[in-house]
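The values are calculated or read from the model by the stated rules, or taken from the named source; none is laboratory data. Fair warning: this is a prediction, and the values are worked out from it, not measured in the lab. Note: ideal-geometry Cβ built from the backbone for every residue, glycine included; neighbour counts use all protein chains shown. Surface accessibility is based on the protein's heavy atoms, side chains included, excluding ligands, DNA and RNA. Shrake-Rupley method; radii C 1.70, N 1.55, O 1.52, S 1.80 Å.
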Amino acid sequence: MSLSGTQIASLVLCWLAYAALHSVLASLWLKRVVAARWPRLAPGYRLGFNLLAVLLLVPPLWLTFAWRGPLLWSWDGGWAWLANGLALAAVAGFLWSTRYYDMAVFYGSTQWRTREHAVEDPGGLALSPLHRHVRHPWYSLGLLILWTRDMDEARLTSALCITLYLWLGSLLEEKKLLAFHGEAYANYRARVPGLVPWPGRSLDADEARALCAPRHHQDDTTSTHGGG
């Protein structure tokens, strides 16, 4: 049974609400307000943000799977092998890439343990192997998984909403990265595409190290940028 217009609108609004809340909670403005007005809460901000981000996903995901209907398209035969192979490769790439992230900083446990009050994440700019080809590899891998699944109306609606938000979210994230890392990130952004790898627009290991070097001289510790 096809979704009604009301159901589609409800699902879109649910994703819009998630995107709005997530963006506000991730903003430098709110982090600075919390750090200034409630400094005792600042060390736990990242932990709370990640927990709330997961909880806020429950309503739109529940609707997506509760309203499952006839498939609009599915991957069959050799295409299914290709789609599932790409999805598994994306999952493997995601797991492999975590070795290049300071996951304790990403989760927020470092900030909580050290009672860190700064709104910036600890460490300077560092680029993993995947970051040499796209600026937001986790987003790219997530989109690859998303679009290699079978689609009905609810899943397609959610896939479109998620894709739009990841693109817009990457632009918002880059404003923070420019504020944190300045010229080093601006030079990196000029060289490497955002979400889709492009021939001739990537860095080799030496070029990546050269871009990060100025920041490394200023900081004793480094962490791969962002969550994207």
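Over the chain, accessible surface divided per residue gives 56 Å², non-protein components excluded, 1.4 Å probe. Counting only protein heavy atoms and a probe of 1.4 Å, the accessible surface of the chain is 67% carbon and sulfur.
Can you name the helices of the chain, as whole DSSP H runs, whose Cα span along the helix axis is 20 Å or more and whose Kyte-Doolittle mean is not below 0.0? Please list the in-between numbers first.
On the way: long enough: 5-26 (31 Å, 1.45); 45-66 (32 Å, 1.52); 77-97 (30 Å, 1.16); 153-181 (41 Å, 0.61).
Result, helices passing both filters: 5-26, 45-66, 77-97, 153-181.
Close amide-amide hydrogen proximity is noted between D152 and L72, each under 5 Å apart and 5 or more residues distant or on a separate chain (H modeled in the peptide plane; Pro and chain starts excluded). Ranked from largest to smallest solvent-accessible area, with a 1.4 Å probe on the protein heavy atoms, L72, L88 come out as L88, L72.
Across every pair of non-identical alpha carbons in segment 50-174, the mean reciprocal distance, once inverted, gives a Kirkwood radius of 16.9 Å.
Evaluating kT/(6 pi eta Rh) at 20 °C and 1.002 mPa s, with the Kirkwood radius of segment 1-84 over Cα pairs in the Stokes-Einstein relation, gives 135 µm² s⁻¹. Model label sites at V196 and T98, defined 7 Å from Cα along the beta-carbon direction, differ in position by 3.0 nm.
Put C212, C161 in order of accessible area, highest first, and with a 1.4 Å probe you get C161, C212.
Extents of the chain, taken as max minus min of Cα coordinates on every principal axis and listed largest first, are 59, 45, 27 Å.
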